[in-house]
Protein chains: 2
Amino acid sequence: MIAKTTKQVRTGKTRMLFRKKTARKTPVQITGQKEKLKIIPLGGLEEVGRNMILFEYGRDIIIVDMGLQFPEEDMPGIDYVIPNISYLKDKIKNIRGVIITHGHYDHIGAIPHLMPRLGNPAIFTARLTAGIIRKRQEEHQNLPKLNIQEVNEHSRIKLGVFNLEFFHLNHNIPDSFGLFIKTPVGNLVHTGDFKLDYNPVYEKPADLNRIAQIGNSGILALMCDSTDAEEPGHQISEKEVGIELEKIFEQAPGRIIIGTFASLLSRVQQIFWIAEKLGKKIMVEGRSMKTNVEIAHELGYLKFKPETLVDEKNFREVPENKLIVLCTGAQGERHAVLMRIANNEHRFIFFKTKDTVIFSSSVVPGNERTVQNLKDTIYKHDARVIHYQMMDIHAGGHAKQEDLKMMIRLVKPQFYIPIEGNHYMLRINGDLGKAVGVPENNIIIGENGRIIECQKNSCKLTAKTVPADYVFVDGLGVGDVSQIVLRDRQMMAADGMLVVIATIYKKTGALVQNPDLISRGFVYLKENKKLIEQIRSKAKKIMHDSDTKSPAFESYIKDKIRNDIGQFIYSKTKRRPMILPVLIEV
Amino acid sequence: MIAKTTKQVRTGKTRMLFRKKTARKTPVQITGQKEKLKIIPLGGLEEVGRNMILFEYGRDIIIVDMGLQFPEEDMPGIDYVIPNISYLKDKIKNIRGVIITHGHYDHIGAIPHLMPRLGNPAIFTARLTAGIIRKRQEEHQNLPKLNIQEVNEHSRIKLGVFNLEFFHLNHNIPDSFGLFIKTPVGNLVHTGDFKLDYNPVYEKPADLNRIAQIGNSGILALMCDSTDAEEPGHQISEKEVGIELEKIFEQAPGRIIIGTFASLLSRVQQIFWIAEKLGKKIMVEGRSMKTNVEIAHELGYLKFKPETLVDEKNFREVPENKLIVLCTGAQGERHAVLMRIANNEHRFIFFKTKDTVIFSSSVVPGNERTVQNLKDTIYKHDARVIHYQMMDIHAGGHAKQEDLKMMIRLVKPQFYIPIEGNHYMLRINGDLGKAVGVPENNIIIGENGRIIECQKNSCKLTAKTVPADYVFVDGLGVGDVSQIVLRDRQMMAADGMLVVIATIYKKTGALVQNPDLISRGFVYLKENKKLIEQIRSKAKKIMHDSDTKSPAFESYIKDKIRNDIGQFIYSKTKRRPMILPVLIEV
């Protein structure tokens, strides 16, 4: 138990705030039947991303994280996927607050889209995370101002029946915390994304003693990060990355261009330190990298001497072997700085022969080919590439198997609920729980949208579900791209489409002229005139042979064109373009 | 030098054959100027796949390998990519033969498409490779019969000015060989895909002594596999994979379902051996797996007792802990066996709780997400997944850095030409050459289509090029899908398309009726009626405001619709569907 109350406790203020906003505060109804705690994951249990979990007890709901997911290959054109909040539609007044565990997009990314539709409840998060959320909100105009309450490891807040505390954990962004949630049915721990780093960079190591204390208070359920559950051993320390990086920095014959995630602030800190140690200067490039360096520096999460930074105006004065360009794009992102330099599209940086390009982040699954192509392009500029595969220049942000076992041993939960990962990762994480003594029946492998119910000394995966399917964000549209639209996109991507326009006289049903054909993505029309003419004759014949007086004529003829022309094209080309018949009556 | 001539030498027969086929055999013209050897890579120097290299001296051309490449993400709908052979169009009579180094698709896959267009020259390859090529040819009807000449490590063949010998190397398919090519300007070595396995499974280790002998004969240039040049250390032996697999097989509580590449025949052999050792039975599933097991067994490259095999009819009689299903699909391929079982689409195999599913192949870059999804689905069936990441159950087929260095040291070439890999892999391989003593100026990093010229004691990358761009195979079409068609597919995949049809009276130019709109993959029309009506009015207004009498009316109005409607839609949705204006005059 943490006895000391600190000056940072914001409980009173918070509660007041809610009274004002929700305009009701009847105490929780204790019905004859005992109330159950509902844990409802809206995302993050079948993917890496889109993290959002609800905790509901009576008329009190708290939300942990509100993230986005990057689209899969079968979602062409989609910008990202966010959680489905239909379940909350009639319960907005019950939401007591949103807790954000750290500042990565898979935990904060849905905030601009969802907060307005949830009545803009208060957000509780750490200082750096708050800065990142605020900055991101600036990109979205016309949204109500967020009400963000900063918390830290000394804060205790009460949101309805829930009492919350925060404990320090490491991740690859500073200010990540785990949650200690006291509920009427028992205590819960939610780790967020974490690793246990005994030698972190410019932040404290994960607070193992505090976790042990929390564990001693008796934990009903531990909800625990599964991202690296498949990886044996311990996650390496960020410090060790620094040792490797320093060697590379020392030996580089010319400029160093180093790409990493803008959110990987501990890496960024190391790069600044090594630069200062070796008397090098840093130019920061890329909007998100600039923003994050700025926020983190302003809030004191990133330390460097002002003279270490150079910019567009004065970087040319720095000798080449003293210059470091710190930028985004190590995943091969299309418009990020590395790609722009590689494609000669950057305003003032071009690769040179002696450049050393460092990819200092692991490749996110799905990006492998793009990264390979980027490396090809860089090598073609005669620059050198150093990738994490060749040297240990990347430490992941997630607990591996031995770290997870330690967490479970410290927290000693009755029930173990793996979260944050694909289904198979949750399963493997569950097996780790079993390996360190959680009874098999007490391991809960959840699903998005499936309600877990907890009572004193029991947690159970129920058969009850809430909507948790994908909500697609595409341009300005949220949820207006359906599975049907996606299926059409996939179909057109595979074999293109063909529009067959038949113009007929209303009175006689006779064709006004030969059917018009418009096609894209199927074959190059100019070079396939014969095929096109065959299709046109086929369409003409179908029109001639049909009874235009029949009442079902239009739907009949459309089906007929779709089927017959479709089959004809398939027999000739083994392709299945989407066929769109149009009938115009004049 | 290999002094002994063996009974297998096919030189005479081969030469005769060519005399007949080409109906000309004037000796090479020695012009005043000394002839140069041209090495022309048509594919495989900027990708893993599509391997094909020409060697041309005077009027003699030999071709090494004829492979396909699987499509990249930005090639929607494409089945695969094959080499561009335009350079050979007027030189077909000069082709003296095609040598295929081993039976993988990236080395044999373009044969059915290209051989008919190259005058069906003789193919020289090893016995197993020949079997695989013949089997694959059966799938392509109406093609002329291939003329395949089997060669082995004792064969010596003469093709025009070129004298060829073959030396045994390991790879993850048996019967892979490297080439020793004697040319008028000097001796070349081409490794094909290889690894050096001191403990291979049911085949001989790579013939290091022979390679050393060849090296001693003086080598002008070594052309060497780059696929794993980025990987430090030595490739592990296939034998070690067997040790790991045996442990897993022993401990599996129920059925074992093991997925691997159908072409990974040494893995398949191990699985049979372990099965027999442990008294288990094997059912082979998946067309390509069945075919390869059949061919390899028939040709003596795969040994097993007949009673080890069970089939669809009798597998149910085998106790579950004695049954192994050997199948395709470890890359998450859509229609392969593993995926069909996972999706309950297999005719008679369904996952059960005690099943152990083994993915015994590394993930090909680009397939990571699909494999993750497949693992999710399998875990949902309560089966267990064992992947190579967790245990060492996959040995790659390619030489790693220390293996490559050994090859270079043995061959001692004057010039080092990395082949078979992305550009960055060639570069890294080139650095290895430098590290073991090849002078920097003698390392040639080539490009597809760029001619390398060799004379006595010199090889040079010239500025001369031949066409080597992508040729796409899509259904029955070869080369009829252009970059334009692909760009259209990409555009429609991203934001869909909208057809705007304006029907006007020929005489007056007035609209017959409101413009018709057809859209797919953009927004779901039923739920976006307002937007659709706005677009329709906009189109109507554009038509009304235009001068239909102007001679450039049609192209003007089409541009106008494309631009104005495009901008309007973008402002409303931030999407850019492809807009197709159609004008119909009646």
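Brief remarks on what is shown
- Beta carbons closer than 9 Å, at least 6 apart along the sequence or on distinct chains, pair a first residue in the stretch A:452-464 that is outside any strand (DSSP E or B) with a second that is surrounded by 13 or more Cβ atoms within 10 Å (Cβ to Cβ) for A:456/A:184; A:456/A:185; A:456/A:186; A:456/A:220; A:457/A:185; A:457/A:186; A:457/A:220; A:457/A:414.
- In the stretch B:544-566, the residues that are modelled with pLDDT of 90 or more and among the acidic types (Asp, Glu): B:559, B:564
Yes/no matrix, rows are residues, columns are (1) in a strand (DSSP E or B); (2) within 29 Å of residue B:188 (Cβ to Cβ); (3) in contact with a His (Cβ under 7 Å, 6 or more places away or on another chain):
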position: B:354; (1), (2), (3): no, no, no
position: B:358; (1), (2), (3): yes, no, no
position: B:386; (1), (2), (3): yes, no, no
position: B:404; (1), (2), (3): no, yes, no
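- Condition met for residue A:436 (more than 13 Å from chain B (Cβ to nearest Cβ), aliphatic (A, V, I, L, M) and in contact with a helix residue (DSSP H, G or I) (Cβ under 8 Å, 6 or more places away or on another chain)): yes
- Test result for residue B:184, at pLDDT 95 or above and of a type outside the set (Lys, Arg): yes
- Comparison of A:511, A:486 shows that the only residue that is of a type outside the set (Lys, Arg) and more than 10 Å from every other protein chain (Cβ to nearest Cβ) is A:511.
- Filter pass, residue B:516 being away from chain A (no Cβ under 12 Å) and out of contact with any Pro (no Cβ under 8 Å at 6 or more places or on another chain): no
- The stretch B:212-240 - residue that is among the hydrophobic types (A, V, I, L, M, F, W, C) and within 27 Å of the chain's Cα centre (by Cα) and, of those, surrounded by the fewest Cβ atoms within 10 Å (Cβ to Cβ): B:236
- Condition met for residue A:258 (in contact (Cβ under 8 Å) with a residue 60 or more places away in the chain, among the hydrophobic types (A, V, I, L, M, F, W, C) and farther than 26 Å from residue A:401 by Cα): yes
- Counting the residues of the stretch B:411-433 that are farther than 12 Å from residue B:224 by Cβ and more than 14 Å from chain A (Cβ to nearest Cβ) gives 2.
- Pair list, Cβ under 8 Å, 6 or more apart: the stretch B:90-105 residue in a helix (DSSP H, G or I), other residue hydroxyl-bearing (Ser, Thr, Tyr): B:93/B:22; B:105/B:263
- Within the stretch B:62-78, tally of residues that are buried (at least 19 other Cβ atoms within 10 Å of the Cβ) and part of a loop (DSSP other than H, G, I, E, B): 10
- Qualifying residue in the stretch B:336-343 (condition: of a type outside the set (Ser, Thr, Tyr), under 27 Å from residue A:427 (Cβ atoms) and not in a helix (DSSP H, G or I)): yes
- Flag: residue B:221 does not match the condition of being under 30 Å from residue B:40 (Cβ atoms) and part of a helix (DSSP H, G or I).
- Residue selected from the stretch A:113-123 under the condition surrounded by 20 or more Cβ atoms within 10 Å (Cβ to Cβ) and within 20 Å of the chain's Cα centre (by Cα), by the criterion farthest from residue A:94 (Cα to Cα): A:113
- Restricting the stretch A:134-161 to residues that are crowded, with 23+ Cβ neighbours inside 10 Å and among the β-branched types (Val, Ile, Thr), the residue that is nearest to residue A:296 (Cα to Cα): A:151
- Condition check for residue A:173: under 13 Å from residue A:100 (Cβ atoms), of a type in the set (Val, Ile, Thr) and in contact with a strand residue (DSSP E or B) (Cβ under 7 Å, 6 or more places away or on another chain): no
Matching residues to (1) modelled with pLDDT under 95; (2) basic (Lys, Arg); (3) in a loop (DSSP other than H, G, I, E, B); (4) over 24 Å from the mean Cα position of the chain (by Cα):
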| residue | (1), (2), (3), (4) |
| --- | --- |
| A:262 | yes, no, yes, no |
| A:267 | yes, yes, no, no |
| A:270 | yes, no, no, yes |
| A:276 | no, no, no, yes |
| A:279 | no, no, yes, yes |
| A:282 | no, no, no, yes |
| A:304 | no, no, yes, yes |
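- Looking across A:291, A:328, one residue alone is within 26 Å of the chain's Cα centre (by Cα), closer than 30 Å to residue B:373 by Cα and among the hydroxyl-bearing types (Ser, Thr, Tyr). It is A:328.
- So residue A:359, is it within 14 Å of chain B (Cβ to nearest Cβ), surrounded by 22 or more Cβ atoms within 10 Å (Cβ to Cβ), in contact (Cβ under 8 Å) with a residue 12 or more places away in the chain and not hydroxyl-bearing (Ser, Thr, Tyr): yes
- The residues on offer are B:537, B:555, B:550, and the sole one that is surrounded by fewer than 16 Cβ atoms within 10 Å (Cβ to Cβ), more than 11 Å from every other protein chain (Cβ to nearest Cβ), free of Cβ contacts under 8 Å to residues at least 24 places away in the same chain and part of a loop (DSSP other than H, G, I, E, B) is B:550.
- The listed residues are A:188, A:128, A:179, A:164, and the only one of them that is in a helix (DSSP H, G or I) and out of contact with any helix residue (DSSP H, G or I) (no Cβ under 6 Å at 6 or more places or on another chain) turns out to be A:128.
- Where residue A:462 falls short, out of the listed (1) away from chain B (no Cβ under 14 Å); (2) modelled with pLDDT under 95; (3) touching a strand residue (DSSP E or B) at 6+ places or on another chain (Cβ under 6 Å); (4) surrounded by fewer than 16 Cβ atoms within 10 Å (Cβ to Cβ): (2)
- Members of the stretch A:295-341 found to be closer than 22 Å to residue A:280 by Cβ and small (Gly, Ala, Ser), listed by number: A:296, A:329, A:330
- Residue match in the stretch A:293-305 (condition: in contact with a helix residue (DSSP H, G or I) (Cβ under 7 Å, 6 or more places away or on another chain), within 14 Å of chain B (Cβ to nearest Cβ) and over 19 Å from residue A:242 (Cβ atoms)): no
- Which listed residue, of B:59, B:10, is at pLDDT below 95, basic (Lys, Arg) and at negative phi: B:10
One line per residue, one yes/no per condition, for (1) among the aliphatic types (A, V, I, L, M); (2) within 40 Å of the chain's Cα centre (by Cα):
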site	(1), (2)
B:531	yes, no
B:541	no, no
B:570	no, yes
B:579	yes, yes
B:585	no, no
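- Tabulated pairs, the stretch B:232-246, first in contact (Cβ under 8 Å) with a residue 24 or more places away in the chain and hydrophobic (A, V, I, L, M, F, W, C), second buried (at least 17 other Cβ atoms within 10 Å of the Cβ) and part of a helix (DSSP H, G or I), C-beta under 9 angstrom, 6+ apart or interchain: B:241/B:266; B:241/B:267; B:241/B:270; B:245/B:267; B:245/B:270; B:245/B:271; B:245/B:274
The values are calculated or read from the model by the stated rules, or taken from the named source; none is laboratory data. Please read all numbers here as calculations on a predicted model, not as lab measurements. Virtual Cβ from ideal backbone geometry, glycine too; neighbours counted across all protein chains shown.
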